[in-house]
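Q: Please find one structure pasted underneath; my questions will follow.
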Amino acid sequence: MSAFEGFPSESLAFYAELEENNTREWWLDHKDVYERAIRGPMLALLDELSGEFGEGKAFRPNRDIRFSKDKSPYKTAQGGYAATSEGTGYYLHLDATGIAVGGGCHMATPPKTARLRSAIDAPASGEELERIVEALRGAGYSIEGERTQRVPREFEADHPRAELLKHKSLTAGKVLGAPEWLDTPEALDRIRAHWTELRPLVEWLNEHVG
């Protein structure tokens, strides 16, 4: 596999055009650009990061349109991830506007949600998570994930971590846009630095949620 050299500017242009021409015919005419400027670099990047963050995989470009009113056949973004456990890990997203990074647990199954809330409720692990979340917010990350409108009824409404208890899943993400380093080898170190910032959250989730 070739070394990662950044995401060429034509990768963003590819998705901008795909948004206007989401057809099989257009895709086949431009598939070489996708392979060269998007999928190839994404796989190379994930391969270089795998030793630190886990084996990476790139999402398929095809949309699942079986139950969707939108029959556009292709995704207008390329996603990549390194899973540290089922539903938990690090994420990368490339589209027409640039790149975004993320990490956390996106899977809101009842057992995972129960373990998440139990760990948030417990003083030691809950306060640790609070510190992690506040540090990420301070570094410009958005705290996201599926949430309920109210604190679950098994917890007091005035619980000291009431807002965190509303989470059924928990992730953090940051939109980086199209910085000047995106099409250079420097992108590897920049993305590595962001995933390193996300590591405390991912490791907390691995330990307490699985």
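Q: Search segment 16-41 for residues that are acidic (Asp, Glu) and pair each with any residue that is at pLDDT 95 or above and surrounded by 12 or more Cβ atoms within 10 Å (Cβ to Cβ) when their beta-carbon atoms are under 8 Å apart and the residues are at least 6 apart or on different chains.
A: 17/26; 17/30; 19/76; 19/96
Q: Restricting segment 139-162 to residues that are among the acidic types (Asp, Glu) and farther than 17 Å from residue 197 by Cβ, which is least open to solvent (accessible area, probe 1.4 Å)?
A: Initial filter on segment 139-162 (among the acidic types (Asp, Glu)): 144, 146, 154, 156, 158.
Of the ones still in play, those that are also farther than 17 Å from residue 197 by Cβ are 146, 154, 156, 158.
Details: 146: 93, 154: 125, 156: 127, 158: 126 Å².
Result: 146.
Q: Can you tell which of 165, 136, 188, 205 is within 30 Å of residue 19 (Cα to Cα) and either surrounded by 16 or more Cβ atoms within 10 Å (Cβ to Cβ) or of a type in the set (D, E, K, R) (or both)?
A: Numbers: 165 fails: within 30 Å of residue 19 (Cα to Cα); 136 fails: within 30 Å of residue 19 (Cα to Cα); 205 fails: within 30 Å of residue 19 (Cα to Cα).
Answer to the selection: 188.
Q: If a residue must be in contact (Cβ under 8 Å) with a residue 40 or more places away in the chain, in a loop (DSSP other than H, G, I, E, B) and among the hydrophobic types (A, V, I, L, M, F, W, C), how many such residues does segment 126-180 contain?
A: 2
Q: Now a separate question. Just to be sure I understand the filter: pairs with C-beta atoms under 9 Å, separated by 6 or more residues or on different chains, first member in segment 80-103 and farther than 15 Å from residue 174 by Cβ, second member among the basic types (Lys, Arg) and surrounded by 20 or more Cβ atoms within 10 Å (Cβ to Cβ). Which pairs pass?
A: 86/112; 87/112; 88/112
Q: While we're here: Just for segment 18-49: of the residues that are of a type in the set (Asp, Glu) and either more than 26 Å from the chain's Cα centre (by Cα) or under 11 Å from residue 74 (Cβ atoms) (or both), which one is surrounded by the most Cβ atoms within 10 Å (Cβ to Cβ)?
A: Kept after step one, since they are of a type in the set (Asp, Glu), are these residues of segment 18-49: 19-20, 25, 29, 32, 35, 47-48.
From what is left, the residues that are either more than 26 Å from the chain's Cα centre (by Cα) or under 11 Å from residue 74 (Cβ atoms) (or both) are 19, 25, 29.
On the way: 19: 13, 25: 8, 29: 11.
The qualifying residue surrounded by the most Cβ atoms within 10 Å (Cβ to Cβ) is 19.
Q: Which condition breaks for residue 200 when tested against (1) within 26 Å of residue 46 (Cα to Cα); (2) open to solvent by less than 50 Å² (accessible area, probe 1.4 Å); (3) modelled with pLDDT of 95 or more?
A: (2)
Q: Mind listing whichever residues of segment 112-125 are assigned to a helix (DSSP H, G or I), of a type outside the set (Lys, Arg) and open to solvent by 30 Å² or more (accessible area, probe 1.4 Å)?
A: We begin by selecting, within segment 112-125, every residue assigned to a helix (DSSP H, G or I); these are 112-121, 123-125.
From what's left, of a type outside the set (Lys, Arg): 113-114, 116, 118-121, 123-125.
Passing the criteria: 114, 118, 121, 123, 124.
The values are calculated or read from the model by the stated rules, or taken from the named source; none is laboratory data. Remember, predicted model here, so these are calculated numbers, not experimental data. A quick note on method: Cβ atoms are made from the backbone with ideal geometry, for glycine too, and the neighbour counts reach across all protein chains shown. Just the protein is used for accessible areas: all its heavy atoms, side chains included, with ligands, DNA and RNA removed. Shrake-Rupley method; radii C 1.70, N 1.55, O 1.52, S 1.80 Å.
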